[in-house]
1. Quick one: in region 96-142, which of the residues that are farther than 30 Å from GLU278 by Cβ and of a type in the set (A, V, I, L, M) is least open to solvent (accessible area, probe 1.4 Å)?
2. Of the numbered conditions (1) within 30 Å of THR244 (Cα to Cα); (2) at pLDDT 95 or above, ASP169 satisfies every one except a single condition; which is it?
3. Anything in region 220-239 that is touching a residue at least 12 places away in the same chain (Cβ under 8 Å) and over 19 Å from MET259 (Cβ atoms)? List them, or say none.
4. Within region 160-185, work out how many residues are without any contact (Cβ under 8 Å) to a residue 24 or more places away in the chain and in contact with a Phe, Trp or Tyr (Cβ under 7 Å, 6 or more places away or on another chain).
5. Considering region 149-161 alone, what residues qualify as being in a helix (DSSP H, G or I) and open to solvent by less than 30 Å² (accessible area, probe 1.4 Å)?
6. Run GLY277 past the list (1) at positive phi; (2) modelled with pLDDT of 95 or more and report the number of the one that doesn't hold.
7. Within region 101-148, take every residue that is of a type in the set (Phe, Trp, Tyr) and not in a helix (DSSP H, G or I) and give me the one that is farthest from the chain's Cα centre (by Cα).
8. State yes or no: is ARG145 modelled with pLDDT of 95 or more, of a type outside the set (S, T, N, Q) and open to solvent by less than 40 Å² (accessible area, probe 1.4 Å)?
Amino acid sequence: MTIDRVAVSGGDIVVETHTGSSEPVLVVHGVSSQRMLWGWLRAESPHLTLLAPELRGRGDSVGVAGASSLGRHADDLATVLDALGLDSVHVCGMSMGGFVAVEFAARYPSRVKSLVLVDGGVPVAPPAGLTRESVGAVFAERIARTQQHFETVDEYVDFLVSTSLPLLDPADPLLRAYAEHDLVDGSVRLSTDAVVSDAEDVFFGESRFRELTMPIRFLHAQWSVGENSAPMYSSEDIDALDLTSITPMMGLDHAGTIMTSSGAAAVGATIDEALRGE
């Protein structure tokens, strides 16, 4: 494993590389996440070479100055590839990371061999009642943790499981490592401005998804947050798609698509298909 700091507009973003036997795969985390999201994928598919940038406003990249947007993240990813000496890669994005991956592919199509989108990236209508002005209120639960102080990692894990990650196992060492990376001196390293700005872009920005011509593989969760919750993508949304492959992830909610062994295994298998060109 190697850690690189890549200079972008406003500061340096951190990129963690895990070298396996495969071609490089650029992996892009979600709106309130960070690079440790990919711990489950590494565990299930250690043969994959994963390039995991920490997007501006999150984790070790929390101090990068300037506005956050899907376009800004896409430009940062291009800078990362330049710094690592890579012309083109396969790209996997989860949740908001899927929307960043789509924007990156639209801006830099020659640099993307294929896309794997995990419960994100495919255009979706805003939830009923959501407006640009109310995004901050809707995401208040995720933002709230930035205003709190956690005495221990265990306290923070319990908070995550009791709010946004109800189907995850609080005893999972990968979840503990993820939570531990979030914290510095009991505070969560997450920019509230970045979360709100990026969420606004996801739901109210102009998607360039229909412009893409590279292979696209899409995995979607049965639920959103917790068992029996309405999924992010309806059956009508799914039926309207014509992609390289579409994989339902039954028995999993949004977080579980990558933060569980079964979810990560399914994502890893789909990445393997992309690498083989199937």
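The values are calculated or read from the model by the stated rules, or taken from the named source; none is laboratory data. This is a predicted model, so every value here is computed, not measured. Counting neighbours? That spans all protein chains shown, and the Cβs are built from the backbone with ideal geometry, glycine included. Side chains included, ligands, DNA and RNA excluded: accessible areas come from the protein's heavy atoms. Shrake-Rupley method; radii C 1.70, N 1.55, O 1.52, S 1.80 Å.
1. That would be VAL135.
2. (1)
3. Those that are touching a residue at least 12 places away in the same chain (Cβ under 8 Å) and over 19 Å from MET259 (Cβ atoms): ASP237, ILE238.
4. Count: 0.
5. Taking region 149-161 and keeping what is in a helix (DSSP H, G or I), we get 153-161.
Those that are in a helix (DSSP H, G or I) and open to solvent by less than 30 Å² (accessible area, probe 1.4 Å): VAL153, TYR156, VAL157, LEU160, VAL161.
6. Single failed check for GLY277: (2).
7. TYR108
8. no
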